[in-house]
Amino acid sequence: MKKIVIAAIGAALMASCSGKPEVSSPDGHIAVKLNRAEDGALSYEVTVDGKQLIAPSALGFVAEGLVPAADAKESVATSSFDETWSQPWGENKEIRNNYREMAYTLTDSSLEYTVRVRAFDDGIAFRYEWKVAGVDTVVVMDELTEFAFAVPAQSWAIPANFDTYELEYNHVAVDSVVNANTPFTFETDGGVFGSIHEAALYDFPEMTLERIEGSTLKAVLAPMPDGVKARVPAEFATPWRSIQIGASAVDLINSGLILNLNEPSKIADTSWIKPQKYVGIWWGMHLGTMTWTMGPRHGATTENAIKYIDFAAANNLQGVLFEGWNEGWENWGGNQHFDYMKAYADFDIDSIAAYAASKGIELWAHNETGGNIPEYEAALDSTLAYYHSLGIHTLKTGYAGGYVGGQYHHSQYGVRHYQKVVETAAKYEIMVDAHEPIKETGIRRTWPNMMTREGARGMEWNAWSGGNSADYLCTLPFVRLLSGPMDYTPGIFDINYDRAKADPGRIEWNGRNDYCKINTTLARQIANWVIIYSPLQMAADLIENYEGHEAFQFFRDFDADCDWSRALQGEIGKYIAVVRRAGDRYFLGAGTNSEARTIEVSLDFLKPGVSYQAAIYADDPAGDATKVAIEKKTVISTDTLTVAMNAAGGQAITFIPAE
Ligand code: NOJ
Ligand code: CA
């Protein structure tokens, strides 16, 4: 590990020629300048290659005690940092964290108020830190931070909503945005790519954006029922407000900025934290052929559990998930009461846990809360202690339902809850996969048991709505996935739901049967295992649809525990090609939107001098979306492959060193 820290403290040490405090990235391309107006108002601006990207934009909060006095003493401390750190799992195990920092502080008799700014080669970030004398709590009523775009730009983001991220993307010019959530990805007319987000979100509400005039977006914090945005201690540091910046769309994916803005791991022994490939009793309920509740179509039965465990063990998978195993599902959507420790009578949890352990398979626990946070928090510690006693290391949580007491999922109340689950889980050596979560802000660096989360429209939307479009799937990597891993639950092989449709007792969701296919090709379903990074990666279909299927070999060969990743090429909403390495194997995934496309992919990422057996899973040349054309060939790093994709299609390739 290489670490260089140089610090200097003094008055405006890095003052620009304009006399304003300024900090620039190590490569000098990006600079952030601060300004304090005569009326005391603070603002910042960002330039890229000397051109303004963000024009002077407001900083600060509406909160009693957080306004520095007119005669507050000003000081600037600057430092540089350069470290390469490693993580127990992730798209990249090694990450370089290299930045220059400026801490701009105003001090008066009762307040020490700092804007800490970091400039990286791949973006900028700032956060607010304060120490207020004589009070216990600071009550934040509003955040004033603005992002005033200095140049015309296009944007891609979901609308702002304090309860859900399961929304479609808006692709509009910045000056036409109404509101948005982050990541808020943009491309300027001058070809600068970027994404506004936040990092290290703890004990504070999420930040959404609202356009207030022209191309100026303002931070809007999710409120609590009394209108207060946050009650925080007198000494506090906010989450970082970040802007990733790159010269191409894939630069944003290849950036480690969000993780670098988080603190090192607080979990000392991470040996129990392991990526997994998993299957589960899940899709049947969404298709309407199984139920979460006990009855003739109950999915989580002992018999099915044994079948799924055997399948996982026989196919080089590590985990199994069973939803609807515990009592209370009759109450889902009603009083939202679940019993997290009591299995349904037809799910013999002790013998299932023992059987999974005997086969070396991780048994997952699933907790749907329906949004009943008080009940879940009351049960949390004893529940997770119980799972630990059963040898369970993986927990999927769910919050499908409105929170009680008028709270929002994404408020300070929600953020505190999600964090409480992560920390309690860490205490019992349990990894977390959160559905209906708070947005990912890189806390997986500090809490590496926070593996993956949903936080966008996942596969389930294909079962009971008009579904996810191919354009959506080509936008996701450049927006939601910039924040971190997603449990999309990919890999449906029966894309027209033929097996479900043949089931006469199927319960049609919403009384409709016209949602009966995925807008995809089979090869694209395979490619999504690579494109949509998740350290807990699911093969989401019914196992009957994988048994005996030649193309399932891809997932058998696949490794969820990758060492290195690179987004090779792509355009937002149009296409994407990603490669990942795990040990000496490489996995490539490419996908296109509603247009057929052919791209050339140089294999220069492969290790020079090694011959690889490439297994190519391509779209059917005759255009049958249910078919995949599998071809094997020997390749080396100087080769280039032509990757042809049908509309809504894709291609997946494994590269395994030839014997
Ligand atoms: C929504 C989740 O996203 C899904 O995966 C789960 O099956 C249901 N809630 C039930 O918990
Ligand atoms: Ca969901």
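General remarks:
- Unit charges at the beta carbon, dipole of the chain: most positive-side option, Phe555, Ala648, Ile281: Phe555
- Count Lys and Arg as plus one, Asp and Glu as minus one, and take only other residues whose Cβ is under 14 Å from that of Asp584; the net charge is then -1.
- Relative contact order [Cα under 8 Å, 6+ residues apart], segment 586-659, whole percent: 50
- The per residue volume of the convex hull around the alpha-carbon atoms of the chain is 158 Å³.
- Globularity ratio of segment 197-253, using Cα Rg and 2.2 N^0.38 Å: 1.41
- Each Lys or Arg adds one and each Asp or Glu takes one away; over the other residues whose Cβ falls under 14 Å from the Cβ of Asp604, this sums to +1.
- Computed over segment 591-659, the alpha-carbon pair-distance distribution with 5 angstrom bins reads 4, 17, 26, 22, 15, 10, 5, 1, each value a whole percent.
- Efficiency of FRET between Thr642 and Ser465 - r from beta-carbon atoms, R0 45 angstrom, step 0.05: 0.80
- Cα centre as origin, Lys/Arg/Asp/Glu Cβ charges: the chain dipole, Debye: 880
- Per-residue SASA entry for Lys33, accessible area with 1.4 Å probe, Å² rounded to 10: 50
- Relative counts (whole %) of C-alpha pair distances in segment 483-577, using bins that are 10 Å wide: 13, 41, 31, 13, 2
- The label point for Ala314 and the one for Ala70, both projected 7 Å from the Cα toward the Cβ, are 8.1 nm apart.
- Full extension of the chain between Lys632 and Asp503 gives 42.8 nm of extra length, using 0.36 nm per residue less the Cα-Cα distance.
- Distance between the modelled labels on Ser86 and Asp175, one decimal in nanometres: 5.1 nm (7 Å Cα→Cβ projection).
- Set Lys396/Lys427; Lys307/Lys627; Lys20/Lys51 screened for pairs whose C-alpha atoms are more than 23 Å apart: Lys307/Lys627
- Computed log₁₀ I(q)/I(0) - Debye formula, equal Cα scatterers, no solvent, segment 314-461, q 0.18 Å⁻¹: -1.13
- For segment 46-89, the Kirkwood estimate of the hydrodynamic radius, built from every pair of different alpha carbons, is 15.6 Å.
- Principal-axis tilt of helix 373-389 within the chain, Cα atoms, nearest 10 degrees: 60
- Cα-based helix-to-principal-axis angle, 522-531 vs the chain, degrees rounded to 10: 40
- Principal-axis tilt of helix 302-314 within the chain, Cα atoms, nearest 10 degrees: 80
- Candidate aspartates and glutamates for bridging to Lys218, where Cα separation is under 15 Å - those fewer than 8 sequence places away on the same chain excluded: Glu45, Asp142, Glu143, Glu146, Asp175, Glu198, Glu206, Glu210
- At full extension, Ser602 and Val139 could sit 161.2 nm farther apart than now, given 0.36 nm per residue minus the alpha carbon distance.
- Taking every alpha-carbon pair under 8 Å whose residues sit at least 6 apart, the chain reaches a relative contact order of 11 percent.
- Cα centroid separation, segment 194-269 to segment 160-189 (Å): 15
- Ratio of the Cα radius of gyration of segment 451-506 to 2.2 N^0.38 Å, where N counts its residues: 1.32
- Straight-distance candidates among the aspartates and glutamates for linking to Lys131, with alpha-carbon spacing under 13 Å and chain neighbours fewer than 8 residues away dropped: Glu64, Asp108, Glu112, Glu235.
- Sequence-distant contacts, meaning Cα pairs under 8 Å at least 6 residues apart, place the relative contact order of segment 244-324 at 30 percent.
- Residue-averaged 222 nm ellipticity for the chain, from DSSP H runs of 4+ at -39500 (n - 2.57), nearest 500: -4000 deg cm²/dmol
The values are calculated or read from the model by the stated rules, or taken from the named source; none is laboratory data. These numbers come from a predicted model, not from an experiment. Because the Cβ atoms are built from the backbone with ideal geometry, glycine has one as well, and the counts that use them run over all protein chains shown. The protein model used for the area step is the full one, side chains on, heavy atoms only, and it has no ligands, DNA or RNA in it. Shrake-Rupley method; radii C 1.70, N 1.55, O 1.52, S 1.80 Å.
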